[in-house]
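To start, the structure under review is shown below, and the notes come after it.
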Amino acid sequence: MSNSRARKPYPSDVSDEEWSLVVGYLTLMKEDAPQREYALRELFNALRYVIRYGI
């Protein structure tokens, strides 16, 4: 799950405090579900970027 490379943070990135509020809802997966290819936090940051700035 650590495919994320070191990168410069974007202003739209979620803070640690915001992430702690959201992560519980995003990790509700069955144990037998396929493993994630990308870190949830990076995906969440990408969604926030698109919502804030567009593509």
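For residues that are exposed (fewer than 13 other Cβ atoms within 10 Å of the Cβ) and part of a helix (DSSP H, G or I), tally how many sit in the range 27-55.
5
Outside any loop (DSSP other than H, G, I, E, B), of a type in the set (Val, Ile, Thr) and in contact with a helix residue (DSSP H, G or I) (Cβ under 7 Å, 6 or more places away or on another chain): is that true of Val22 in this structure?
Working: outside any loop (DSSP other than H, G, I, E, B): yes; of a type in the set (Val, Ile, Thr): yes; in contact with a helix residue (DSSP H, G or I) (Cβ under 7 Å, 6 or more places away or on another chain): yes.
Taking the combined requirement at face value, the residue satisfies it.
If I go through the range 6-19 residue by residue, how many of them are of a type in the set (D, E, K, R), surrounded by fewer than 13 Cβ atoms within 10 Å (Cβ to Cβ) and not in a helix (DSSP H, G or I)? Reasoning before the result, please.
First, the residues of the range 6-19 that are of a type in the set (D, E, K, R): 7-8, 13, 16-18.
Remaining after also requiring surrounded by fewer than 13 Cβ atoms within 10 Å (Cβ to Cβ): 7-8, 16-18.
From what's left, not in a helix (DSSP H, G or I): 7-8.
The total comes to 2.
Residue-wise test of (1) within 13 Å of the chain's Cα centre (by Cα); (2) modelled with pLDDT under 85.
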| residue | (1), (2) |
| --- | --- |
| Met1 | yes, yes |
| Ser4 | yes, yes |
| Pro9 | yes, no |
| Glu17 | no, no |
| Pro34 | no, yes |
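The values are calculated or read from the model by the stated rules, or taken from the named source; none is laboratory data. Note that the structure is a prediction, hence the values are computed from the model and not measured. Note that each Cβ is placed from the backbone with ideal geometry, even for glycine, and that neighbours are counted across all protein chains shown.
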